[in-house]
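Taking it in order: structure first as structure tokens, then the write-up.
Just so you know, all these numbers are worked out from the coordinates, no wet-lab data involved. The structure displayed is predicted, hence computed values, not measured ones. Virtual Cβ from ideal backbone geometry, glycine too; neighbours counted across all protein chains shown.
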Amino acid sequence: MDSDTNISQEKAPAQKRKRAKRLDPSVRQELIVDAASRLVEQRQSASFTLDEVAAEAGVSRPLVHRYFSCRDSLLQALLLREFDLIIGTQKGLVPDDVSTAEAHRIYIRRHFEYLKDRGRIYYMLLNEAHAEGGEASKLARKFFNRSRTYWIDRKKNDGLREEEAILGMLMTMSALQGAESTLRKERLTVEEASDFWTTFVLAGWEAVAAKSAKSKTED
């Protein structure tokens, strides 16, 4: 009996608690950016807080803070991701030896593919960054200036004056922003929208180039 009692009183060996698998820092950071992106998409607004991002990601606020010291740094990460998606980093940048007309076709198609998949997330992030005026705003201006310089240089090489190239570039980029609602409502497919807009843009640029060439001849 004593031996039985002793045995029954012995404590069962404690089971070792399994630890959660530790994620690679780059993976954890990407998960946090994913969570912030989902919030922007769900709310159609980029006015999230780090607490809200932490809740969406299922992690603590201190963990988010470990990777992103402030909201502005997370906005920068979101902008970088969306910009890479727009220009199609996975497909590579368009080589300089590609004609301007073909460059228009490629970039317009990529832009419409992005709008179809992502909507206006990029533009919401841009507006939020500009409103806050932090480092994300500087990054947004850098993106814009890069695109601006790219197209102005191409158009100047095609014979346009710089002021003509600037005006045409601004109008082209602004008009593309308004295409999302048409795609979202499925009034046009990506193929139809990109083909129509490429035709429209190229015809406009050709008309401006012809007028510019004529005015130079008359001068």
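What is the sum of charges around residue 188, taking Lys and Arg as +1, Asp and Glu as -1, for the other residues whose C-beta is under 11 Å from the C-beta of residue 188? If you can, show how the numbers build up before the last one.
Values: positive: 116, 184, 185, 187; negative: 186, 191, 192, 195.
Charge balance near residue 188 sits at 0.
Cα convex hull of the chain: mean projected area in nm², to one decimal?
So the Cα hull casts an average projection of 18.9 nm².
Order 41-52, 189-200, 103-114 from most to least packed using the mean count of other Cβ atoms within 10 Å.
On the way: 41-52: 14.4, 189-200: 16.2, 103-114: 20.0.
With the highest mean Cβ count within 10 Å placed first, the list reads 103-114, 189-200, 41-52.
Secondary-structure-derived ellipticity at 222 nm for the chain, considering helices only, amounts to -24500 deg cm²/dmol, per-run term -39500 (n - 2.57) for DSSP H runs with n ≥ 4.
Candidates 39, 144, 204 compared by Cα position along the dipole of the chain: farthest toward the positive end lies 39, with charges placed on Cβ. Note on the stretch 79-218: Lys pairs 8 or more places apart or on different chains, Cα atoms under 30 Å apart, count 20. Taking the Cα centre of the chain as origin and assigning +1 to Lys and Arg Cβ atoms and -1 to Asp and Glu Cβ atoms, the resulting dipole is close to 400 debye.
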